[in-house]
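Below: the structure, in structure tokens.
Taken together, the values in this text are just the output of simple stated rules run on the coordinates, not laboratory data. The structure presented is a predicted model; accordingly, all values stated were derived computationally and were not measured. Note that each Cβ is placed from the backbone with ideal geometry, even for glycine, and that neighbours are counted across all protein chains shown.
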């Protein structure tokens, strides 16, 4: 594939390590085939050399440049893909505990849930996740625990608190009386200056992406999903401040006007995008924004939501919006809008079941290769981390998922990975 060039890179890198007296820890991963998501082609009998967690070479099995003393991870009969990326998760949440049932648990309980969810998502093949809203900076704490080796989990891009307006989707008081929450919600503002201050605060405490709630939501009880909640000026203040700090902005937006104002303001990703219209598609393409559409969720919410304690008002909103979101997904894809893979996993359906969405994306018009790219190449681009994740390429992390069979022929194979590797180490 890139044989001569990668062999040269490998030889030079190993020579540099030897000259510096460094003993590089090498692992060679082999499989029957490998999906190159950048070219869209399969490579037969790959041998991927991972050194100190990153890919040092992409070779063919039997190549002379393969270090003979390297550790081996052999996956006969299997197809290797890049580690998957979910761009919309909530680690510190459990879809099986919904509505007023959440009040039965103390605040720190949700961090423990997040630790379990992180492991479940990693073992499901999602080696990178973007957490777009966590209470009490829980996502930052879980990220630190994963990076410190205390607990297993994916690479985490935290948003900390999701930012919104008083009484809006990101104001978690859910219409309860003032005595229930005498301290103002720390993620709420009601002016452009207020939102600039919030962006600076959450960035100070670890946010690597900014999440806003531009419209109402399905799971919030006291608003309309399509109603715009942040003004254009407020959204613009967030995006200007975030971009100045080098951060991307994700906008929760179901309703048409909120979607379009968020796009005009320069947000980087639209989450849900349920009621996007032709103008939304035009603006998304004009500004280079991505749609992250959680079109599997309708199945789980309508099947299990009531049993889990979900408010009837939320169930009614889902019944009204679920099919429309899927129709919008198909129309957006046909219109050429850039798409990424985001599921709302953790908050809306149980952690580790993220891959159930691939089949739904294919059902609603996206070819299997493009659904996989949404969770690999595209997601890495939307994160601006193409040098780290999203493809099996020299320099990126040695993050892989393997399946028995060809996922381009049956995308549901991704629901049951046979192996997961993160940084050259097998975790499943």
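Brief remarks on what is shown
- 0 to 90° range, to nearest 10: angle between helix 232-244 axis and the chain longest Cα axis: 30 degrees
- Each part gets one Cα centre, and for the range 369-428 versus the range 34-53 those centres are 10 Å apart.
- Of 63, 189, 225, the residue with the greatest mean-square motion in the GNM of the chain, using alpha carbon springs below 10 Å, is 63.
- Length gained when the stretch residue 278-residue 106 is fully extended (0.36 nm per residue, less Cα-Cα span): 57.5 nm
- GNM result for the chain, Cα springs below 10 Å: residue of 245, 283, 35 fluctuating most strongly: 245
- P(r) for the chain, from all Cα pairs and a bin width of 10 Å, is 5, 22, 31, 24, 12, 5, 1, 0 %, short bins first.
- Backbone N under 11 Å from the residue 285 label point (7 Å along Cα→Cβ), restricted to the range 337-369: 337-338
- Ranked for footprinting exposure by Cβ neighbours inside 10 Å, fewest first, 300, 150, 161 give 150, 300, 161.
- Structural descriptor for the chain: relative contact order 19 percent, calculated from alpha carbon pairs under 8 angstrom and at least 6 residues apart.
- The range 92-166: relative contact order as a whole-number percent, Cα under 8 Å and 6+ apart: 33 percent
- Full extension of the segment from residue 190 to residue 426, taken as 0.36 nm per residue of separation minus the current Cα-Cα distance, would add 80.3 nm.
- Highest average first, the peptides 123-133, 365-375 ordered by how many other beta carbon atoms sit within 10 Å of their residues are 123-133, 365-375.
- Rounded to 5, percent antiparallel among DSSP beta bridges of the chain: 45 percent
- Centroid-to-centroid, using Cα positions, the range 330-356 and the range 93-161 are 19 Å apart.
- Contour excess over end-to-end distance, with Cα ends at residue 144 and residue 96 and 0.36 nm allotted per residue: 14.7 nm
- Folded to 0 to 90 degrees: helix 297-308 orientation relative to the chain principal axis, Cα: 60 degrees
- Helix 256-265 vs. the chain, principal-axis angle (Cα, 0 to 90°, nearest 10): 60 degrees
- Springs join every pair of Cα atoms under 10 Å in this Gaussian network model of the chain, and among 108, 231, 274 the largest mean-square fluctuation is at 108.
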